[in-house]
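Novice: Got a structure here, written out as structure tokens. Questions coming.
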Amino acid sequence: MKNLENLTVIIVTYLTQKKMIMDCVKSISKDVKIKIIENSSNFEFKNEIINDFSNVEILCTGENLGYGNGNNYGLKVTKTDYALILNPDLICDENFFSNLDQIIQNNNNFSIIGCQYLHDKIFMPAGFFNPKKNKEFVKKFKSNNISTLEKVEWVTGCSMLINLKKFNDKEIFDKNFFLYFEEFDLCKSVINKSENVFTSKDLKIHHLGFQSSLGKNLENEKRANRIREWHWMWSSFYFYKKNYGYMNALLKMSGKFIKSFLKLIYFSLTFQKQKKEKYIYRFLGIFNSMIGNPSSFRDK
């Protein structure tokens, strides 16, 4: 599998559980270079992982850069022509890397190839920005009527094969995002240049979902939820504003903005603290994006 020598796997972590990282790394071919990018100043079990896996390098960013900037950090120190961006809450199928080797061998004209999830027929791993095209693709996907490499317009960011030869700059993600929508923005920029985005049914992963960061401590999980709610709304508005214009973003997101505000009032009056908090952070996220504030919320 000679093409795997020209591949680097990048895994961005943030205080991620040891077992999760170990399980992810174990599922990766030993022929592949792995860079773990820890979004803090300390990787607690660095020596243990390096001793167990000779193909792993661990780098600490010194601060939480987020998903896109964390991957930019890893890509800047990547020397290979191909990079596989992989979330730590993933396990690669046993045939993943042999199939990936064949895909690289037989296909040069791609910028991004996305993967598909084992045992998950609900969560879409790829699609189109145009609603009509996307509806047609969903039908095709759910009937398992797609090609080995199916041309699409976007893929999800938890696992993406990147052809770095197609990019002039290794900072491929927009630094303004902190969390969510970075991959959609990247895919949008690729198709705007008439380059190709594919999804492959031969690249299968097990996705645990929403477990990449902060462990299982209850307070940490509450904090993670606040961050998710805020940044989901901030990034949604920013994505539409950047790619379709401010007025289109307002039209697209005004319903969610009003809904968040009304639910915030309702749950405040009915003393439902947990639900109230959810909509506080949703409202604040979209409001800050609408007035042009950066994605700076970290809930420290």
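Each value in this text was obtained by applying a stated rule to the coordinates, not by laboratory testing. Note that the coordinates shown come from a computational prediction; the quantities given were computed from them, not determined experimentally. Heads up, the Cβs are rebuilt from the backbone with ideal geometry, glycines too, and the neighbour counts pull from every protein chain shown.
Novice: Using modelled amide H (1.01 Å from N, peptide plane; none on Pro or chain starts), what sits under 5 Å from the amide H of Leu84, excluding residues fewer than 5 places away?
Specialist: The answer is Thr8, Val9, Ile10, Ile162.
Novice: Say R0 is 41 Å: what FRET efficiency, to the nearest 0.05, do Asn108 and Lys252 get from their beta-carbon distance?
Specialist: 0.70
Novice: Which FRET efficiency value, to the nearest 0.05, do you get for Lys2 and Lys193 by plugging their Cβ-Cβ distance into 1/(1 + (r/R0)^6) with R0 = 35 Å?
Specialist: Details: r = 29 Å, r/R0 = 0.83.
The formula returns an efficiency of 0.75 here.
Novice: Using only the alpha carbons of region 221-300, determine the length spanned along each of the three principal axes and report them from longest to shortest in whole angstroms.
Specialist: Result for region 221-300: principal-axis Cα extents of 38, 27, 16 Å.
Novice: Can I ask one more? If you place +1 on the Cβ of every Lys and Arg and -1 on the Cβ of every Asp and Glu, how big does the dipole about the Cα centre of region 2-207 come out, in debye to the nearest 20?
Specialist: On the way: 26 positive and 26 negative charges, 136 e Å.
My answer is approximately 660 debye.
Novice: Now for a different question. Rounding to the nearest 10 and keeping the result within 0 to 90°, find how far the Cα-based axis of helix 131-142 lies from the longest principal axis of the chain.
Specialist: With both axes taken from Cα atoms, the answer is about 50 degrees.
Novice: Evaluate E = 1/(1 + (r/R0)^6) for Leu262 and Asn220, where r is the Cβ-Cβ distance and R0 equals 25 Å; express this FRET efficiency to the nearest 0.05.
Specialist: 0.25
Novice: Between helix 273-290 and the chain, what is the angle of the helix's C-alpha long axis to the longest principal axis, kept within 0 to 90° and rounded to the nearest 10?
Specialist: Approximately 80 degrees, to the nearest 10.
Novice: Find, to one decimal place in angstroms, the Kirkwood hydrodynamic radius of region 57-180, where the mean of 1/r is taken over every pair of different Cα atoms and then inverted.
Specialist: 16.1
Novice: Between Ile103, Ile205, Phe177, whose Cα lies farthest towards the positive end of the dipole of the chain when Lys and Arg beta carbons carry +1 and Asp and Glu beta carbons carry -1, centred on the Cα centre?
Specialist: Phe177
Novice: Kindly provide the helix-only [θ] at 222 nm of the chain, computed as the sum of -39,500 (n - 2.57) over DSSP H runs of four or more divided by all residues, to the nearest 500 deg cm²/dmol?
Specialist: That calculation yields -14000 deg cm²/dmol at 222 nm.
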